[in-house]
Amino acid sequence: MKTATIKGGIEFKVERVGGAIETLPVPSKVVLPLKQHKGTACKAVVKKGQEVKVGELIGDGEVPIHATVAGKVTEVTKRFPDIRGGYIPAIGIEVQGDAWDEDGSDLDPTSLSSNQALETIKKAGLVDYNIDAEPLAEKINFAKTKGVKTLVINGVDLEPGVGICKQLLVEKRQEIVGGIKVLKNVLNITNAYLAIESTSAQVQATIEGAVSGVAELVVTSPKYPVGLPKFLVKAITGKEVPSPHGRPEDVGVVVIGLETAISVWDALKTNRPPIDKAITVYGAVNNPKNLRVRIGTPLKHVLEYCGVSAEIGKVIVGGPMMGLAQYSLDIPVTKEVNAIFIQRESELTEISGQKCINCGWCVKVCPMRLLPHIISSYCEVGMFEEAESYNLSYCVECGCCAYVCPAKIPLVHWIKYGKSQIKREER
Amino acid sequence: MKDKGFVVSVGPHIQGRESIPRIVYGVVIAILPAIIAGVYFFKMEAVKVIVAALVSAIVFDALLQKLICKKVDLTNGHALLMGLLFATIMPIGVPWWAVAAGVFVGLLVGEYVYGGFGNNPFNPVIVGWAALKLSYPGYLSVASSVLGVLKLEGISAIVEDYGYFSDAYGVENWSTLGGKLKLLGKILLGWKAGAWGDHLFGCVGCICALAILIGAAFLFIKRYISWYAPVGFLATILFFSLVFYKGDKQYLYPFVLIQLFSGSTLLAAFFFVTDFATTPFTGLGMFIFGVMAGLVTMLGRLWGKWVDPVWFAILVANAFTPLIDRFVRPKPFGRVKSSV
């Protein structure tokens, strides 16, 4: 076991949501966006009125989409709101059943050849679960071409309060070990780490016992944003991923999420495509919970289950630091969703007219070692070239600077604005 | 449950609890021990200066806010802090009108001409002090404080001729560790009047080192200040007073104590060298700033004409802040030397 930490960042004194992962009852209607990954949208292969089974292919493309419930297709629309504020094609299904017929095969996934396993992963439409949702098969192929030597399983919940990985490490130990074995096999490497956030010594010992011989356990300090791949790689191997456009694969490491490893095991063992997703629902809800939700369940259904009061101010998909605020509760839970964070109107962030007082707190917390206050001041007045000379594009938008700013300057807002303007000028 | 009308914005969606008014009030609380010690040691003389500084700071702050067409807002505690900090660095005996004039110049020239709180390149408190020092040097002279006597007559005069440490503190000998600690402890509790003057003299907030250290500890616990600048500043002063000491070996210890704990050294180290707006923002930059201020201070104390050039040193270092910030930058994460 080794320990790891990062420079900068924030130590939140927030308890992670605990409790076993409950299964959320399936709603009466689900909506399945045809793009739940980074890349182009899939094509619908079903028509309105058609009956579908659980796990049936309904969208074909680089990352296929499968029906997560059994029922009748009620709509195939081109424009459905997505979590980024745009529109994507989607398929609505009226639910008639939710049973998944297990392919009770006695197959040992670890005995599959690398190519066979990769083929299944691609067909199952697996993504690396997080807000970016990179296609997993593509990611593995890229890692192979880069000759990656090290696999890091990211069992650190990135956002403060989210308790999915922590809970999965307790509930799904066998599947995790299996998933790591398969991924090592597919990638053809021997060196693997399982990164978890420090918890009680007893839990750590149990996990270490479970993964011994498969992966080395790395315990990270409870600091945000150590769960971002870049910083995880630095904390574990000491190598810095080149900025601004480098990837962990460039320094010979591939980082794959913990839940992804579990779903790889499920997909290979039982041919089960990802039909559900574990999420944490917390913030201003009556019962903060870890839930297993059918993909396609509208946020509204999830929130009704957890109970929310009348005056919600913000519904955030992802988490309080890097999450995306939503304007509609019709938006479904997708492969990109890790958590839902609810805020009351009284808890919303404030913006003051105060100018920067040069305190340097943002410089102290910036994990990218940038000068956020200077970059954001340049962006604010439209001097994007100057902002770029202070490495605007290096910013990962983790939000640490805006969190600590005593003047309540929306630094991340200005930085995102600057980035988008530079992109526009380049076009 | 409503299902529309939600607020949409970019992250982060939560903010830390600290805000500028909280920090300002935090520093106000931290300076209170020094103020209370000043009142305890100087009685009415200190009260006069403090009241004059406070009242004039509040009045002039409101006036200047009105003048630059801002909404008059005194709730952020800024005027309070300006008044208290200004009072701490005034020697006793400064007339009330001089205090008021200093506060006014400090606020106007040191701060409001640059657009108000946070935009000022020089510490407004020290700008006010500088204006008084130039206009009424007599009132601001600290020649009859311990540091002044040390400067004018030397350390051996203090120890031997005036018998300062034996008379005021009852410590005859500091060759042993016990004696050293005893002297240190007594000096931390406060400076005392020497035989060269009939009553105690000093600046309102600088007379009791312990009170300043208590305030500094509070600031450290709240993380409002970091250690870089104070350490750079105090280490430079210590280094110079050890290396360039020219007197008798046995008086080195009291000499160092006077350099570190008398005059405005400690107050500057924890309340002025750590000021947000006028000092660099990187750790290394803060350290360099501290060293620079310490350097100018000790050059003045050892070889210059000024008795206690701490404030002057900070003004000089303030002028270098933009330069330090320009050259001392952290290396961004993952920067690679371009191969092109």
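The values are calculated or read from the model by the stated rules, or taken from the named source; none is laboratory data. The structure displayed is predicted, hence computed values, not measured ones. Please note: Cβ atoms are built from the backbone with ideal geometry, for glycine as well, and neighbour counts cover all protein chains shown.
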Practice item. Please specify each residue of the range B:186-224 satisfying the condition of being closer than 21 Å to B:I31 by Cα and of a type in the set (G, A, S). Key: B:G190, B:G202, B:G205, B:A209, B:A211, B:G215, B:A216, B:A217
Exercise for review: Give the residues of the range A:6-49 that are on the phi < 0 side of the Ramachandran plot, loosely packed, with under 15 Cβ neighbours inside 10 Å and either modelled with pLDDT under 90 or not in a strand (DSSP E or B) (or both), sorted by residue number.
Suggested key: A:E11, A:K13, A:E15, A:G18, A:A20, A:P25, A:S28, A:T40, A:K47, A:K48
Exercise for review: Return the only residue of B:L67, B:L63 being closer than 25 Å to B:W96 by Cα, surrounded by fewer than 18 Cβ atoms within 10 Å (Cβ to Cβ) and without any contact (Cβ under 8 Å) to a residue 24 or more places away in the chain.
Suggested key: B:L63
Review point. Do the conditions hold for A:N391, that is, is it polar (S, T, N, Q) and farther than 20 Å from A:G9 by Cβ?
Key: no
Practice item. Can you tell me which residue among B:G304, B:G300 is more than 24 Å from B:I31 (Cβ to Cβ), in contact with a Phe, Trp or Tyr (Cβ under 7 Å, 6 or more places away or on another chain) and among the small types (G, A, S)? Key: B:G300
**Study point:** Restricting the range A:313-325 to residues that are touching a helix residue (DSSP H, G or I) at 6+ places or on another chain (Cβ under 9 Å) and surrounded by fewer than 23 Cβ atoms within 10 Å (Cβ to Cβ), the residue that is modelled with the highest pLDDT
**Key:** A:V317
Study note, to complete from the structure: Only one of B:D325, B:D275 is under 13 Å from the mean Cα position of the chain (by Cα), farther than 25 Å from B:G190 by Cβ and within 14 Å of another protein chain (Cβ to nearest Cβ), namely B:D275
Check your understanding: Of the residues in the range A:130-185, how many are of a type in the set (D, E) and in a helix (DSSP H, G or I)?
Key -> 3
**Study point:** Segments classed as strands (runs of 3 or more DSSP E), wholly inside the range A:239-357, with at least 2 members that are more than 9 Å from chain B (Cβ to nearest Cβ)
**Key:** A:253-257, A:276-283, A:289-294, A:339-344
Review point. Taking only pairs six or more apart or across chains, which ones have beta-carbon atoms under 6 Å, a first residue in the range A:190-202 that is touching a residue at least 24 places away in the same chain (Cβ under 8 Å), and a second residue that is part of a loop (DSSP other than H, G, I, E, B) and crowded, with 20+ Cβ neighbours inside 10 Å?
Key: A:A192/A:A215; A:Y193/A:A215; A:L194/A:A215; A:A195/A:V156; A:E197/A:V156
Practice item. Can you work out which of the residues in the range A:397-427 that are more than 9 Å from chain B (Cβ to nearest Cβ) and not in a helix (DSSP H, G or I) is surrounded by the fewest Cβ atoms within 10 Å (Cβ to Cβ)? Key: A:R427
Check your understanding: Given the residues B:I89, B:I50, B:I23, which is the only one that is surrounded by 17 or more Cβ atoms within 10 Å (Cβ to Cβ), under 22 Å from B:D275 (Cα atoms) and within 14 Å of another protein chain (Cβ to nearest Cβ)?
Key -> B:I23
Review point. Any chance the range A:360-375 includes a residue that's closer than 27 Å to B:V273 by Cα, at the interface with chain B (Cβ under 9 Å from one of its Cβ atoms), in contact with a Gly (Cβ under 6 Å, 6 or more places away or on another chain) and buried (at least 24 other Cβ atoms within 10 Å of the Cβ)?
Key: yes
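Conditions (1) modelled with pLDDT of 95 or more; (2) outside any helix (DSSP H, G or I), marked per residue:
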| position | (1), (2) |
| --- | --- |
| B:L257 | no, no |
| B:F270 | yes, no |
| B:A277 | no, yes |
| B:F281 | no, yes |
| B:M292 | yes, no |
| B:L295 | yes, no |
| B:D325 | no, no |
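Tell me which residues, restricted to the range A:51-81, are in a strand (DSSP E or B) and hydroxyl-bearing (S, T, Y).
If the condition is that a residue be in a strand (DSSP E or B) and hydroxyl-bearing (S, T, Y), then A:T74, A:T77 are the ones that fit.
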**Study point:** Flag for B:P137 being closer than 23 Å to B:A52 by Cα and within 14 Å of chain A (Cβ to nearest Cβ)
**Key:** no
Review point. Quick check: anything in the range A:215-226 within 14 Å of chain B (Cβ to nearest Cβ) and not aliphatic (A, V, I, L, M)?
Key: yes
Point to revise | Hey, A:Y394 surrounded by 21 or more Cβ atoms within 10 Å (Cβ to Cβ), touching a residue at least 60 places away in the same chain (Cβ under 8 Å) and at the interface with chain B (Cβ under 7 Å from one of its Cβ atoms) or not | key: no
Review point. Among B:G263, B:G300, B:G285, which is the only one that is away from chain A (no Cβ under 14 Å) and assigned to a helix (DSSP H, G or I)?
Key: B:G300
Check your understanding: In this structure, is B:G110 within 14 Å of chain A (Cβ to nearest Cβ), of a type in the set (G, A, S) and out of contact with any strand residue (DSSP E or B) (no Cβ under 8 Å at 6 or more places or on another chain)?
Key -> no
Practice item. Return yes or no: is B:K331 of a type in the set (D, E, K, R) and either in a helix (DSSP H, G or I) or within 30 Å of A:V241 (Cα to Cα) (or both)? Key: yes
